[in-house]
1. Which of the residues that make up segment 183-204 are part of a loop (DSSP other than H, G, I, E, B) and within 30 Å of C85 (Cα to Cα)?
2. Going by the conditions given, is L169 closer than 25 Å to A124 by Cβ, at pLDDT below 95 and of a type in the set (A, V, I, L, M)?
3. Within segment 159-176, restricting attention to residues that are surrounded by fewer than 19 Cβ atoms within 10 Å (Cβ to Cβ) and assigned to a loop (DSSP other than H, G, I, E, B), which residue is farthest from the chain's Cα centre (by Cα)?
4. If you go through segment 87-135, how many residues are within 19 Å of S146 (Cα to Cα) and in contact with a Gly (Cβ under 8 Å, 6 or more places away or on another chain)?
5. Find the residue count for segment 53-89, including only residues that are in a strand (DSSP E or B) and touching a Lys or Arg at 6+ places or on another chain (Cβ under 9 Å).
6. Taking A92 and the conditions (1) free of Cβ contacts under 8 Å to residues at least 60 places away in the same chain; (2) outside any loop (DSSP other than H, G, I, E, B); (3) surrounded by 18 or more Cβ atoms within 10 Å (Cβ to Cβ), which numbered condition does it fall short on, given that it satisfies the others?
7. Quickly run through segment 109-129 and pick out the residues that are assigned to a strand (DSSP E or B) and either hydrophobic (A, V, I, L, M, F, W, C) or more than 30 Å from L73 (Cβ to Cβ) (or both).
8. Give me the pairs, please: first residue somewhere in segment 52-64 and touching a residue at least 60 places away in the same chain (Cβ under 8 Å), second residue anywhere and assigned to a loop (DSSP other than H, G, I, E, B), beta-carbon distance under 6 Å, and either six or more positions apart or on two chains.
Amino acid sequence: MPLSRMIALLTLGAASLLPAAAFAQSTVAGPTAYVGGSRVLTIPVTASVGGRCTFALNGAPGGSFDAGQIDRLGWANQFPFVLDCNGAARVAVTSANGGLRTSTQPTDVGYLGLAPYQVRLNLAGDASATASAQCDVATLATGASSPCAFIGPATQTQGLRIAPSSKNLTGSYLEVSAAAYSGPGILVQGAYADTLTVTVSAAI
């Protein structure tokens, strides 16, 4: 509660007691100080600060990556980011397609237009604290039957949690990777793509 508001409440409380005390003609005396002495009246004043968390200036994850011919070679890439939080934080990820998807989906049996990959989230906090988890990208799609523990969007209770705070610390990153696709099924020829969205929230 802001101090200015708390003082206003104390003032109103004191004023509301005066008429009642006068009406009752109470003989109970308040604190009295005589010459050479003093009396102490203790008034507690309290406050709180809520959680705040965001990506640091120029520290949000971004960019793009071309994995190449995913049916021939394995691939991996990291997207670093920096958190700016005054307490515990949660970070979450959402996949638009649940995998690398081609624009035209095949209808023939045995052919596929969606390729899987892995998503690893690594968070760095104060005092060398770290948090890390990995999920199949399919579990990061909205409506996934068995969603990943850090599926987005991030809230106070949803996402990978890091504590204590992470104040402009490097070391956090999102990593995507996959081995060369070997089945089941055959991937159809074409361009494949996915979009990952990373969100952050103060945590409780």
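1. Answer for segment 183-204, where residues must be part of a loop (DSSP other than H, G, I, E, B) and within 30 Å of C85 (Cα to Cα): D194, T195, A203, I204.
2. Spelling it out, L169 is indeed closer than 25 Å to A124 by Cβ, at pLDDT below 95 and of a type in the set (A, V, I, L, M).
3. P164
4. 8
5. 6
6. (1)
7. L112, L114, A115, V119, L121, L123, A124
8. Here the result reads R52/N86, each pair linking segment 52-64 to a residue that is assigned to a loop (DSSP other than H, G, I, E, B).
The values are calculated or read from the model by the stated rules, or taken from the named source; none is laboratory data. In this text the structure is predicted, and so the values were computed from the model without any measurement. Here Cβ is always computed from backbone atoms with ideal geometry, including for glycine, and neighbour counts include all displayed protein chains.
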